[in-house]
Amino acid sequence: MIKNTIKVLSAVTAFAACQNSDVEKVMEGHLGFELSHIDSSFSPCEDFFMFANAGWMQENPIPSTEARWGSFPILVQENNIKLKTLLEGLSQSDKKLSKGEWKQQLRDYYTSAMDSAKVEELGLTPLDEIFATIQKITDKQTLSSYLQTAVKEQLPKPFGMYVSTDSKNSEAYALYISQSGLGLPDRDYYFKDDEASLAIQKAYLELLTDLFSMMNKENPKEIAQQVYDLEKSIAGFHMNRRDQRKPELTYNKKTVEELSALIPSFDWQLVFGDLGVKVDSVIVRQPEYLVGLESLLNNTSADVWRNYFTWQTINQFSDYLPSKWVERHFAFYGVHLSGITEMKPRWKRSIEKLNGGFSETLGRLFAETYFSSESRSRVEKMVEDIRAVYRERIEENTWMSDRTKKLAIEKLNAFKYKIGYPDNWTDYSNIAIAADDLIGNRRRISAWQFADRLARLGKPVDKTEWFMGAHIVNAYYSPSFNEIVFPAGILQPPFFDPTADDAVNYGGIGGVIGHEFTHGFDDQGRKYNSFGNLTGWWTEEDSLRFSERAQRVIDFYGRLEPIDGYFVDGELTQGENIADIGGLTLAYHAYQKHISRTGARTIDGFTPEQRLFMGWAKVWQSHATDAYLRKQVLTDPHSPAMYRVNATVSMLPEFAETFGCTPQDPLVITEEERALIW
Ligand SMILES: [Zn+2]
C-alpha cells in the first residue's frame, strides 16, 4: 500500500522560478518530509490527510503508553529525552549547586520524583496534614474554614481563584473566580447516556469505591455514590464549554458585597484579609455557578464534603503516591478514559511533574542548549511576512467596512511577538526544594505560585511574562497582551527545520504563525482591541457579517463524525478552525511573496505549493485511540488532526488549484459551504 510514486501530482504545472534570485538566497534544503509516508492509493483531492500520512501511520502504530501518536507527541518525546539527559547531567555533575539555585531546584525536584523507594516508604503519610484539615469539617462553619485554608494552600475546592490581566483593562491585574471541582473531564460526562458514557460513569464510580476501600473507609460503595452524586450536582451548575468561549459571558465584575450576595456561606472578606489582598472587586466567570454552589454548601452534609475532599486530594496527588494508588488511578484515567494500555516510564512522568509549576525553569534548561539566534531571526522574518500578507488581505477584504478595517489593521500592527525563550527568568530561589520530599516540593511550589500571583494585584502588568515553558511543543496568542508566542520547543523539525526546503517551513511553522495571528481575529480574539481590552470595536453590521461566516465554519465542522455518534462540536471548535483556515491561507500567500523574491522550483515531482501543503499535513501527522477521540470532541476546542488537514485544505481554493482537483472531488466544496473569513 505504501508507494513512493507521485504520479498523481504530475498533472499539475510546476511553478516557474522568477528571476531576481540575487535578492535572497534560494533556500532549497532537503525535502522536509519523507516520500515513504505518502500513500498514493489515496488521491490528495479525496483525502489529503491519508495521502500525506497513511504510509507513516502504517509504519508507526500508537505506542501502548500513548493515547495519540504523531508529530506533536513525537517532538514532545524528543524534547523530554533531551531534558532527561540534561537533568541527569545535573545529578552526576561534581559542580556544587547551592540551595535555591535554579539548577539545584530542578535536580532535587527531579530526584524526589524519581525516588520510587522513598515514595513507597512514605505511603499516604505526606497527605496526613491535608486529611487532618479535611477531618475538621463538621458543619457549615468548619466547611467555610476549610475552604479558606484550601484557597491559601491550593488544596482541592469546588471553585478556582486566580490572578490574571483584567480583560477590560490590560494594564491591570484582576482577581478571577471560576467554576471547578469535577473529577471527570467535563460536566457533560455526568449527563450523557450513550453506551460509552454510561460505561465511563460506572468505571468512575468503581474507581471511587476502590480508592475508599484502599483507605479502609467503611461502606466504600455508599460513600463513593454520595461523592459521585455531589460531583454530578456540581456539574449541573457548570457553564458548558460553548458558553465559556464567549468572553462577554464570563466577564462579570462584582464588588466584594455582590460576590458575598452570590455565595453568602463563604466569608470572602475574611479570605481576602487572610490572604493579605485588598480588592474592591473580583471578576466572576460564572455567577450562576456560585449561586448553585451556595445551595450545595447549605444542603450537603459535612461527611459527604469530607469524603469529597478526600477523594479530590487523592486525585490531585494521584501520580505522587505509591504504585498501587498510581496504578488504580491509571486504570481509569489512562486505560478507560484515554485508551492507553501501559503507563509511561517513571522518568517521563517525573518530567511531567516538573512541568506542573516548574515549567519555566525546565524551559530555561532546555533553551540554554537547544536554541539558536539564527532560528530566531528566520522565524522573525516569517512573522513579518505573514503580518504583511494579513494587512493586505484585510485591506482587500470585501465584507468589512472601512472603519472596522482601519481598526483591524491598527490591531494587526500592534501585535507583538516572542520567540524562543523569555528575556528574564523568574526568581524562585526562596522555594525550598528537597530531594526526598516529592509532595512537599509540589505543595510549596503551588503555594508560592499562588502567592506570587496575588502579590501582583495593584502592580503594573508584567508584559515580559511567558505563559508557556520554552521547551513546550506549542504556541499561543494572548488577547490581553495582543501577542503571539513561539517557544523554542516547537521551533524544530517537522515544524521548523533550518536545513529544509522553505516551502515545508512555510507550511509548517508558517501555518502555525498564521494560526496564532488569526486567533487575534477569531470569534473570541476579535472582541479585544489593539490594546488587549475586551471592548466592542466592530460596527454592528460587520459583527453580523463576521458571525454569518463563522456560522458556516460551525456548520461545516459540525457535520464531521470521527467516531460513530460523536460529532465534532462546531461551536466549541470554531475559534481553532477559523485559525487553521486563516493560518494556512496566510502561510500560502506569505510563501508566494517569499518565492517572488527568491524563486523556487519543483523538487522530486512536487511543486513549491504542493510542498507547502505537505508541510501542513506533516504537522498534523498523527493518529489516536477511539477513547482519545471521544474525549477530544467532548472537551477539546481543537478538531481532530485529520480534519485540521482535510477540512482546512478544502476551504482553500488555492489547494484545489495546486493539486488540480475538480468540483467532483470530495475535498472540493461548494461556494456556499466555503467559510473564508480571513
Ligand atoms: Zn489555536
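The values are calculated or read from the model by the stated rules, or taken from the named source; none is laboratory data. Predicted, not measured: the structure shown is a model, and the values here were computed from it. Glycine gets a Cβ as well: all are built from the backbone with ideal geometry, and neighbour counts include every protein chain shown. Each accessible area value is taken on the protein alone, full model and side chains, heavy atoms only, with ligands, DNA and RNA left out. Shrake-Rupley method; radii C 1.70, N 1.55, O 1.52, S 1.80 Å.
Considering MET642, MET651, which residue is modelled with pLDDT of 95 or more, within 16 Å of PHE49 (Cβ to Cβ) and open to solvent by 40 Å² or more (accessible area, probe 1.4 Å)?
After ruling out the rest, the residue left standing is MET642.
Do we have SER98 as among the small types (Gly, Ala, Ser) and over 25 Å from THR426 (Cα atoms) here?
So SER98 fails the test.
Among the residues of the range 597-620, are any among the acidic types (Asp, Glu), under 26 Å from ASP555 (Cβ atoms) and not in a strand (DSSP E or B)?
No, the range 597-620 has no match at all.
In the range 317-325, is there at least one residue being in contact (Cβ under 8 Å) with a residue 40 or more places away in the chain, of a type outside the set (A, V, I, L, M) and closer than 17 Å to GLN225 by Cβ?
no
State whether one or more residues within the range 84-99 are more than 30 Å from the chain's Cα centre (by Cα), open to solvent by less than 50 Å² (accessible area, probe 1.4 Å) and among the aliphatic types (A, V, I, L, M).
Checking the range 84-99: at least one residue is more than 30 Å from the chain's Cα centre (by Cα), open to solvent by less than 50 Å² (accessible area, probe 1.4 Å) and among the aliphatic types (A, V, I, L, M).
On the given criteria, is LEU207 assigned to a helix (DSSP H, G or I), over 22 Å from TYR333 (Cα atoms), touching a residue at least 24 places away in the same chain (Cβ under 8 Å) and not assigned by TED's automatic domain parsing to the domain that holds ARG453?
When the stated conditions are applied, LEU207 does not pass them.
Among the residues of the range 630-647, count how many are within 12 Å of the ligand (Cβ to nearest atom) and in a helix (DSSP H, G or I).
The qualifying residues number 1.
Considering each of ASP423, ASP385, ASP427, ASP402 in turn, give the residue that is open to solvent by less than 30 Å² (accessible area, probe 1.4 Å) and acidic (Asp, Glu).
Going through ASP423, ASP385, ASP427, ASP402 in turn, just one is open to solvent by less than 30 Å² (accessible area, probe 1.4 Å) and acidic (Asp, Glu): ASP385.
Scan the range 359-378 residue by residue and report those that are at pLDDT below 95, farther than 11 Å from TYR421 by Cα and open to solvent by less than 40 Å² (accessible area, probe 1.4 Å).
Matches in the range 359-378: SER375 only.
Inside the range 302-337, can you point out the residues that are part of a helix (DSSP H, G or I) and open to solvent by less than 10 Å² (accessible area, probe 1.4 Å)?
Across the range 302-337, the qualifying residues are TRP305, TYR308, PHE309, THR310, TRP311, THR313, ILE314, PHE332, GLY334, LEU337.
If MET57 satisfies all but one of (1) open to solvent by 40 Å² or more (accessible area, probe 1.4 Å); (2) in a helix (DSSP H, G or I); (3) out of contact with any His (no Cβ under 8 Å at 6 or more places or on another chain), what's the number of the condition it fails?
The single condition MET57 does not satisfy is (3).
Being in a loop (DSSP other than H, G, I, E, B) and within 15 Å of the ligand (Cβ to nearest atom) is the filter here; which residues of the range 569-594 pass it?
LEU572, THR573
Determine if the range 395-416 includes at least one residue that is touching a residue at least 12 places away in the same chain (Cβ under 8 Å) and under 26 Å from TYR110 (Cβ atoms).
Looking through the range 395-416, none of the residues is touching a residue at least 12 places away in the same chain (Cβ under 8 Å) and under 26 Å from TYR110 (Cβ atoms).
Write out, first by first residue and then by second, each pair whose Cβ atoms fall under 7 Å of each other, whose residues are 6+ apart or on separate chains, and whose first residue, in the range 446-460, is closer than 12 Å to LEU175 by Cα while the second is modelled with pLDDT of 95 or more.
ARG453/TYR162; ARG453/VAL163; LEU454/VAL163; ARG456/VAL163; ARG456/TYR173; LEU457/VAL163; LEU457/TYR173; LEU457/LEU175
Out of everything in the range 535-549 that is open to solvent by less than 40 Å² (accessible area, probe 1.4 Å) and part of a helix (DSSP H, G or I), what residue ends up being nearest to SER170 (Cα to Cα)?
Checked the range 535-549; the qualifying residue nearest to SER170 (Cα to Cα) is SER543.
Among the residues of the range 138-155, count how many are part of a loop (DSSP other than H, G, I, E, B) and either open to solvent by 10 Å² or more (accessible area, probe 1.4 Å) or β-branched (Val, Ile, Thr) (or both).
Going through the range 138-155 one residue at a time, the tally reaches 3.
Are there any helices (runs of 4 or more DSSP H) wholly within the range 431-534 with 3 or more residues that are within 16 Å of the ligand (Cβ to nearest atom) and open to solvent by 10 Å² or more (accessible area, probe 1.4 Å), and if so which?
511-519
Filtering the range 338-356 down to residues that are among the hydrophobic types (A, V, I, L, M, F, W, C) and in a helix (DSSP H, G or I), which residue is surrounded by the fewest Cβ atoms within 10 Å (Cβ to Cβ)?
Per the criteria, the residue is TRP347.
Checking the structure you have, find out if any residue of the range 565-578 is over 18 Å from the mean Cα position of the chain (by Cα), open to solvent by 40 Å² or more (accessible area, probe 1.4 Å) and modelled with pLDDT under 95.
yes
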